[in-house]
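J.: Attaching a single structure in structure tokens format; questions to follow.
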Amino acid sequence: MQLPAKMIHSLFLVNSSGDIFLEKHWKSVVSRSVCDYFFEAQERASEPENVPPVIPTPHHYLISVLRHRIYFVAVIQSEVPPLFVIEFLHRVVDTFQDYFGVCTEAAIKDNVVVVYELLEEMLDNGFPLATESNILKELIKPPTILRTVVNTITGSTNVGEQLPTGQLSVVPWRRTGVKYTNNEAYFDVVEEIDAIIDKSGSTITAEIQGVIDACVKLTGMPDLTLSFMNPRLLDDVSFHPCVRFKRWEAERILSFIPPDGNFRLLSYHVSCQNLVAIPVYVKHNITFREGSSQGRFELTLGPKQTMGKGLEAVLISSQLPRGVLNTNLNPSQGTYNFDPVTKLLSWDVGKINPQKLPSLKGSMSLQAGASKPDENPTINIQFKIQQSALSGLKVNRLDMYGEKYKPFKGIKYMTKAGKFQVRT
Amino acid sequence: ELTSYKSFVEQACIVHFLISFSPSRNEDLKEMLESNKESLKLEAMKRVVGLIAKGKNASELFPAVVKNVASKNIELKKLVYVYLVRYAEEQQDLALLSISTFQRALKDPNQLIRASALRVLSSIRVPIIVPIMMLAIKEAASDMSPYVRKTSAHAIQKLYSLDQDQKELLIEVIEKLLKDKSTLVAGSVVMAFEEVCPDRIDLIHKNYRKLCNLLVDVEEWGQVVIISMLTRYARTQFTSPWKEDGVFDEHNERAFYESDEEKTRDETEAKPYMMDPDHRLLLRNTKPLLQSRNTAVVMSVAQLYWHLAPKNEVSIVTKSLVRLLRSHREVQYIVLQNIATMSIQRKGMFEPYMKSFYVRSTDATHIKSLKLEILTSLANEANISTILREFQTYVKSQDKQFAAGTIQAIGRCATNISEVTDTCLNGLVLLLSNRDETVVAESVVVIRKLLQIQPTQHSDIIKHMAKLFDNITVPMARASILWLMGEYCERVPKIAPDVLRKMAKSFTSEEDIVKLQTVNLAAKLYLTNSKQTKLLTQYILNLGKYDQNYDIRDRTRFIRQLIVPNDKNGALSKYAHRILLAPKPAPVLESAYKDRDRYQLGTLSHTINTKASGYLELSDWPAVAPDQSVRNVEVIEPTVKSKPAKSSDDKFYSDSGEEEEKGSGSSSSEDGSSSSSSEESGSDAESHVQKNSSQTSEESDKSSSQSEKSSSESDSEKKERKTKTPLQKKTIFNEESWTYVTKQQHTKTIFVNVINQHSVLQTFSYSHWSTLCVSLFTQLCPLSLAFPLQLSGPAFVPEKSHDLLHRMTGKGLSAQYQFPRQPCLYQPTMVSVQISLTNTTDHPLEQIHIGDRSPTGLNIHCFNTIECLEPEASVTVFMGIDFNDSTQAANFQLCTKEDHFSVSIQPAIGELLLPITMTELDFRKEQGKLLGMNESSATITMAAENMTSQPISRPVATVANLGMVPSSQDNVHRFAGKTANSGAVVLVTVELRGESTALITINTEKSVMGSMLLRDLKLALAQA
């Protein structure tokens, strides 16, 4: 008899039409009929997102994540922290994305051997083994066009000839023997603002979440320190494992030996206590009259407190009430689109010119005889502001120790809208 | 294009293959596998893996595949492994063919090949090879590569699930691996422990502290496993930190109406709770992990704090949990569930973050309802208006399920907070005219519950609902209104019969649940108002009698017997009034998460709210703490002899991933060569410390962290060092202070070695960074003094602390000081003093700092101003004082924002010294220079049993901060130190002269200090 083993037993990949297109078992095989329970839940859910992440079945537990319209369904046999599995599944997706550029059904099917090799290395007996991208890349080389061609002709392989020593070292996130002719380190400070704005335009809640993504291509074992002009802004932070925590505690300096390539160095949170400047305002007038089959729709956007930087890539979307049959709107710039089936209105505004504010005006036709909708739609806004971090966070300097060459350093700031909603 | 073409061809092949799963096709693959062209074999294997991935059967190919297990091509070999692991169970006999390959690979010089062989071997689920696996695991568990040992820990679980009879043997291996000091192994072996023998808590005792200390450096998945195991461990080994809180709270309440005097008396009576230092260690070492990027790690630390920390410390996890809400939808779901459970018990924890739980229209349904749940739990008198305003928006949501959920939430708020009950009720009544049926129905149900709680003043609401009755079609809502009418029919005497009349008309077309309530209403009205309703009731009872539903027929029959008087019915009808119109208890509106706390937070069982298989209960705190000493670890003997052997083994392997062992190997060989001279081995040990820390941070320029004295440096390294600027040195310093703290374990062992050389045996409670300070000190402040004055770590740090400021004189601020005996980092001439400040008042104290000092020239390095010290909080700060080699007290003022308190620190003479190491020869040489005036001596009487070396060194080390000097004579003990300010050498010799007398000699140019020290030593040794 086999005991119910802990951790991840099997993994099934399910596409949006409910087909299992890949399965992998780390222990004895679990029949794919176990996924029937998952399909049941999928049918019950009105939206793909509404499938519960944890589904108990008589003998197993199914824990799933949904990314890129693929469900990654892990089969568990006994008690394990659900976040452990969820976090791991997301790592798997991140790795696929890293390897294949996109994580789609087609990409996975095309690279099924690499996928299998990766999954084999990432879990041993259901317990995570190598999840660091740097180590995996040493074990299994990512497929590139050139390599595929060469492999086809010469019959050579994707599997690394050299065994990774990084796995054994105390800096498991960095591979050894890195060499570049151009040594460069780029850091992107990207902030997302989450906000809920109420009818009257006042802010109900607003907070800034930021990340520093790095792309470091440096030879050898560089030891970097990054300091901020105003580190006190950071209310809550989480680090890549390479960052020395005590140093941050004591001096508010990020000191680390970076992984090779792209990685997320830091994510941070700027507390709501510091007043957040909302960079955009929306004037709206959406009305439905009782008894009439017409509704008015007016929307005007404008920049606010953007510190002289322009708003770009502005995109408005809104779920209109079910009673709306169609719209007849006129955008002053950009293009708009209304899907009469899903009732989703989207308006691609583009850049906002402060001299000529973009607006979308017109009428909505409602179902005849239907009563007036109770609620006005919520408006979701996306935008970007280049060259500026909304919180005002500034990197002071970046220093390198441990290597002799002079690296090229670059830093970029950007602000984006996260979950930015205006209630009307 | 070529790629896409190729993948297309590949796809086409596979598809074709699948469609026509014909033997010929299989033959084709078989042929390819058996060909002698590597590329063909690989191609075939890739297709086979494609089959496996699709869940198709490829087991027939087993014989052809297994032949390639010994292939030289790594990718081919790996794909064969994939196949083997998948099908070995089904083809056991054939699988045995591959075993010898793995057995050979287990002996490979390359550690990665050894590990991979063990991995595959243990994954083949063939019972017949259990003995082979067992042997392989045992061997791998003592492999010198930590990576192979890690693999063996994984293999333990696999073997155990294959054959449970091996349990005892496996436990032995686990026990052995638990002792492993490598961070690589720790997570995996704890995982094996959890799987095989989670009840063998006794195996953890000796490894507890090590695991706590290693935790930060273990890989993230291992951290989760270790934390969850340590949570269970702590709940069996420590006493509850919560009880005291309860007592404390009571005090706070009492303080309002009891005099201070009584309060203090109470405090002294209450048995003080002392947290076990090991308990504290766990809490302290897990805290930094809250900053992890891995959400599972953060959650596991959060649950650890929730289950183990004193109540007032739990809230430090709040921020991190709220941060996780930014993560993926699935993470949000789990985190919100746990917050929901937490917020029921501890509202205050999440209240400041209330806005983070506001619902967005784009949230998934289960996220929305969880947020609603949490907002409801967080509601209190202060924030209810904000929450209700937010709820108003939700009620209008297009997602009607969610709107209905909001109405229930409003109902819960209304019952919990009596101030807003009326407001909520009025709001809900307004909703009754909503167009959406679900909303109306839910409102009716909630209103019914609310009215039941306080029915007296609400007859107009009942009337209003009666009016709406015609428009409401949802059965549950109609039933609720009917029930309300019946229950409170005396309050609406005119309307109720009219409603009954309408119901009599539509009875046949109603839903069952409405019919039942109609019968109930009829019965109740018959009892209270039979004049008006007698006929109606009888009509309804007649209709009910012939209803299709047997429930309704039953109920009708029962009611008829109960209320309609006839000759047969007896005893029961007398009580009809009491049966039907008994006052009913109001329903309690509770959170669905109310009882989830019976499961450990963060577990699967908590998420699904049922016990998952394999769930391990969290035990209650023991009433009395089990023996604490079980966790004490014996001092490790320095294994000088065994290590060089290992390092020679090491060279055998070409891939030198094992820096750890190399490091220790090479430095221990140095140890061996210089073991005769203690002075050198002292410095050796320091460089060892540095080596370890530099290794761990993978500092490439190791030379910089080498001690200046290290003679084994190559020329190039020396050059490198010369070019170093002071700035760089500073960075290195910071570097180390970081690594030091995270790598305590390494240093600790090393430290033990240092101490051993001084042959002072005791269990140490050093604050860890003392060694660090020493090594840095020697490194950063190039010694101006002569060669022998090599600083060493303190031999002993007395725990004794002295009162600096009593809480009575300090108006609630109490301060204590002690001498940590570390070289002062601020200035080498200073003595460092550790001050712990405690706020015993009930309000925070602000801006604690050091004010005026006297004598005014007194050189003090103050600690940074403490901005705020919360009530009951304490903080430890370090300051440096230059006592100028005298025992004159340092007087200064300790100031808070409001007050100034004059305090003074008077050092014992022994605290003004710093220990140094030197050889016996040097000691004699130095002693020779300090004779005559510079020598003071005395003879004392001691008890005979104290004449061995250990009890002598102990009291001497207690009195004065001196280093041991190894001695060739058994009866002579030598100690050396230097004064902090002037750096004058102080030499102490204790010579035992049989017959319980001893001669103490002190040689120093500071003769005053010498005689004072002599006096102190006499006192201490006579006592001993």
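The values are calculated or read from the model by the stated rules, or taken from the named source; none is laboratory data. This structure is a prediction, so every number in the text was calculated from the model and none was measured. Please note: Cβ atoms are built from the backbone with ideal geometry, for glycine as well, and neighbour counts cover all protein chains shown. Surface accessibility is based on the protein's heavy atoms, side chains included, excluding ligands, DNA and RNA. Shrake-Rupley method; radii C 1.70, N 1.55, O 1.52, S 1.80 Å.
J.: If each residue of separation counts as 0.36 nm, what is the full-extension length gain between B:N609 and B:S315 once their alpha-carbon separation is subtracted?
T.: 103.4 nm
J.: Within 12 Å, Cβ to Cβ, of B:L33, how many net charges do the neighbouring residues add up to if Lys/Arg are +1 and Asp/Glu are -1?
T.: Local net charge: -1.
J.: Now, a different point. Which links in A:K109/A:K343; B:K181/B:K800; A:K246/B:K319 stretch past 24 Å when you go from one Cα to the other?
T.: A:K109/A:K343; B:K181/B:K800
J.: Going by average Cβ neighbours within 10 Å, how do the peptides B:150-159, B:377-386 rank, with the highest at the top?
T.: B:150-159, B:377-386
J.: Shifting gears a bit: Counting Lys +1, Arg +1, Asp -1, Glu -1, what net charge surrounds B:E898 among other residues with beta carbon under 9 Å of its beta carbon?
T.: Charge balance near B:E898 sits at 0.
J.: Based on the alpha-carbon gyration tensor of region B:903-994, what equivalent-ellipsoid semi-axes (square roots of 5 times the eigenvalues) come out, in whole Å, largest first?
T.: Semi-axis lengths for region B:903-994 are 22, 18, 13 Å.
J.: Between A:K412 and B:L921, what is the spin-label point distance in nm, taking each point 7 Å from the Cα along the Cα→C-beta axis?
T.: The modelled label-to-label distance comes out at 6.6 nm.
J.: Follow-up question, since we're still on this one. Might you work out the accessible area of B:F878 for me, using a 1.4 Å probe with all protein chains in place, and round it to the nearest 10 Å²?
T.: Ignoring ligands and nucleic acids, B:F878 comes out at about 50 Å².
J.: Could you tell me the accessible area of A:W347 in Å² (1.4 Å probe, neighbours in place), rounded to the nearest ten?
T.: 0
J.: Quick one: go through region B:854-894 and flag any residue whose amide nitrogen is under 17 Å from the point 7 Å out along the Cα-to-Cβ line of B:R807.
T.: In region B:854-894, the label zone of B:R807 (backbone N under 17 Å from the point 7 Å along Cα→Cβ) covers B:869-876.
J.: From largest accessible area down, sort B:R560, B:R235; use a 1.4 Å probe on the protein chains.
T.: Highest to lowest solvent-accessible surface, that is B:R560, B:R235.
J.: Ranked by accessible surface with a 1.4 Å probe, highest first, in what order do B:R346, A:R232, B:R578 come?
T.: Result of the area sort, largest leading: A:R232, B:R578, B:R346.
J.: Oh, and also: For a quick check, take a GNM of chain A with Cα springs below 10 Å and name the residue from A:A214, A:A45, A:A389 with the largest mean-square fluctuation.
T.: For chain A, modelled as a Gaussian network with Cα springs under 10 Å, the answer is A:A45.
J.: Using 0.36 nm times the number of residues separating B:S573 and B:S996, minus their current alpha carbon distance, what extension gain do you get?
T.: Length gained, B:S573 through B:S996: 142.0 nm.
J.: Same structure again: Take chain A, connect every pair of alpha-carbon atoms lying under 10 Å apart with a spring to form a Gaussian network, then pick out the residue of A:E117, A:E191, A:E40 with the largest mean-square fluctuation.
T.: A:E40
J.: Sticking with this structure for a sec: Rank B:K929, B:K515 by accessible area, highest first, at a 1.4 Å probe radius?
T.: Of B:K929, B:K515, the descending order of accessible area is B:K929, B:K515.
J.: So, in Å, what gap is there between the alpha-carbon centers of region A:300-340 and region B:125-167?
T.: Computed from Cα coordinates, the inter-centre distance equals 62 Å.
J.: Right, another one. Could you report the accessible area of B:R209 in Å², rounded to 10, computed with a 1.4 Å probe on the protein chains as they sit in the structure?
T.: Using a 1.4 Å probe on the heavy atoms, I get roughly 50 Å².
J.: While we're on this one: Run the simple label-point estimate for B:L203 and A:S16 please: 7 Å along Cα→C-beta, distance reported in nm.
T.: 4.9
J.: Multiplying the sequence separation of B:E617 and B:K37 by 0.36 nm and subtracting their Cα-Cα distance, what value in nm do you get?
T.: Value of the extension gain: 203.1 nm.
J.: While we're on this one: So how far apart, in nm, are the two label points at A:D339 and B:S937 if each is 7 Å from Cα heading toward Cβ?
T.: It is 9.9 nm.
J.: Right, another one. Just the number, please: percent antiparallel of the DSSP beta bridges in chain A, rounded to the nearest 5.
T.: Counting DSSP beta bridges with both partners in chain A, the antiparallel share is about 90 percent.
J.: State the Cα centre-to-centre distance between region B:922-938 and region B:268-345 in whole Å.
T.: Result: 59 Å between the Cα centres.
J.: Roughly speaking, what is the centre-to-centre gap between region B:58-79 and region B:170-196 when only Cα atoms are used, to the nearest Å?
T.: Centre-to-centre (Cα) distance: 32 Å.
J.: Test of understanding: in a Gaussian network model of chain A with alpha carbons linked when under 10 Å, which of A:T95, A:T57, A:T176 would top the mean-square fluctuation ranking?
T.: Result: A:T57 has the largest fluctuation of those listed.
J.: Let me ask something else about it. Taking R0 as 22 Å, what FRET efficiency do you get between B:N26 and B:K67 from their Cβ-Cβ distance, rounded to the nearest 0.05?
T.: 0.90
J.: Of B:N73, B:L51, B:S142, which is farthest along the charge dipole of region B:42-170 in the positive direction, counting Lys and Arg as +1 and Asp and Glu as -1 at C-beta?
T.: The residue sitting farthest along the positive end of the dipole is B:N73.
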